[in-house]
1. Taking only the range 19-46 into account, find how many residues are away from the ligand (no atom under 11 Å from the Cβ) and either surrounded by 19 or more Cβ atoms within 10 Å (Cβ to Cβ) or part of a strand (DSSP E or B) (or both).
2. Between a first residue in the range 8-36 that is free of Cβ contacts under 8 Å to residues at least 24 places away in the same chain and over 23 Å from Lys82 (Cα atoms) and a second residue that is within 14 Å of the ligand (Cβ to nearest atom) and of a type in the set (Lys, Arg), which pairs have beta carbons less than 9 Å apart while being 6 or more apart in sequence or on different chains?
3. Just name the residue that is nearest to Lys82 (Cα to Cα) out of those in the range 113-131 that are touching an Asp or Glu at 6+ places or on another chain (Cβ under 9 Å) and surrounded by fewer than 21 Cβ atoms within 10 Å (Cβ to Cβ).
4. What are the residues in the range 161-179 that are crowded, with 21+ Cβ neighbours inside 10 Å and either among the hydroxyl-bearing types (Ser, Thr, Tyr) or within 15 Å of the chain's Cα centre (by Cα) (or both), if any?
5. For the structure I just gave you, tell me whether Leu53 is outside any strand (DSSP E or B), farther than 25 Å from Ser155 by Cα and within 14 Å of the ligand (Cβ to nearest atom).
Amino acid sequence: MRGMISEVFDSIQGEGLYMGEKQIFVRFYGCNLKCKFCDTKLNSFMEYEPDELFNEIMMYRDKYHSISFTGGEPLLQSHFLKEILELTHKNDHINYLETNGTLYHELKNVIDYIHIVAMDIKLPSSTGLDNFWESHRHFMEIASRREVFIKTIISRSTQADELRTALRLIREVAKGAILVLQPDSSEDKVYLHDKLETFRELARKERVTACVVEQMHKVIGVK
Ligand code: SF4
């Protein structure tokens with residue numbers, strides 16, 4: 001089985017709770033969503049057999065915190081993903097999955113080989129898409145078997161009632177999971193600052209731990 005991979009590179013994690021950790025990134029080609037704020041460029045890919053990809057990962061010799069399987073949406077190629085995760089897991093690497101949190105059937109297929117799940121909650125007022133509440137619920141139930149944290153993009157258009165729904169879902173399904181509020185990097189920071197403070201307060205009221213983490217790789221200019 002061959003997988004479509006856009007790029008393999010090493011860098012530091014620029015988002016979420018593991019920001020600053022050195023990782024090997026494996027970017028999967030293709031996504032099932034089309035968020036209006038998406039800035040991921042997936043113009044091309046190379047095809048790999050699982051052992052070819054594993055050998056390429058092994059060429060990175062430094063000390064790394066983990067391997068970030070990212071995209072696009074890696075779970076769109078869940079059979080291939082499972083094969084490469086099995087290989088890295090067997091070789092004592094930490095597998096870190098970056099996902100949009102919607103493809104829960106596929107997650108079930110690979111969860112045994114993942115150590116950390118960094119999942120999104122997609123708020124319709126931020127993405128311009130329909131809601132994914134039911135998919136996020138099922139996804140979070142499965143992800144909670146592992147270490148999981150949740151990210152959501154906050155933009156000018158983000159509605160407080162949708163964030164409240166997300167907070168209640170987290171409290172109900174993934175109690176204790178931390179929510180990262182990630183400001184949309186293309187928008188006015190001053191305006192978003194006040195909104196983020198309001199949303200942190202909302203999270204406190206709903207008894208969910210939330211923190212604001214910007215996309216650091218864009219601020220400091222690394223890949
Ligand atoms: S889920 Fe991620 S990669 Fe896919 S469209 Fe949305 S932001 Fe882009």
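No value in this document is a laboratory result; all are computed from the given coordinates. These numbers come from a predicted model, not from an experiment. Using ideal geometry, Cβ is built from the backbone for each residue, glycine included, and neighbour counts are taken over all protein chains shown.
1. Residues of the range 19-46 that are away from the ligand (no atom under 11 Å from the Cβ), as a first pass: 19-26, 43-46.
Applying the additional criterion that residues be either surrounded by 19 or more Cβ atoms within 10 Å (Cβ to Cβ) or part of a strand (DSSP E or B) (or both) yields 22-26, 46.
The number of residues fulfilling the criteria is 6.
2. The qualifying pairs do not exist here.
3. If we take residues in the range 113-131 being touching an Asp or Glu at 6+ places or on another chain (Cβ under 9 Å) and surrounded by fewer than 21 Cβ atoms within 10 Å (Cβ to Cβ), then Tyr113 is nearest to Lys82 (Cα to Cα).
4. Passing the criteria: only Leu179.
5. Details: outside any strand (DSSP E or B): yes; farther than 25 Å from Ser155 by Cα: yes; within 14 Å of the ligand (Cβ to nearest atom): no.
No; evaluated as a whole, the condition is false for this residue.
Conditions tested, residue by residue: (1) of a type in the set (S, T, N, Q); (2) farther than 17 Å from Val148 by Cβ; (3) buried (at least 23 other Cβ atoms within 10 Å of the Cβ).
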| site | (1), (2), (3) |
| --- | --- |
| Leu76 | no, yes, no |
| Ile84 | no, yes, yes |
| His93 | no, yes, no |
| Ile111 | no, no, no |
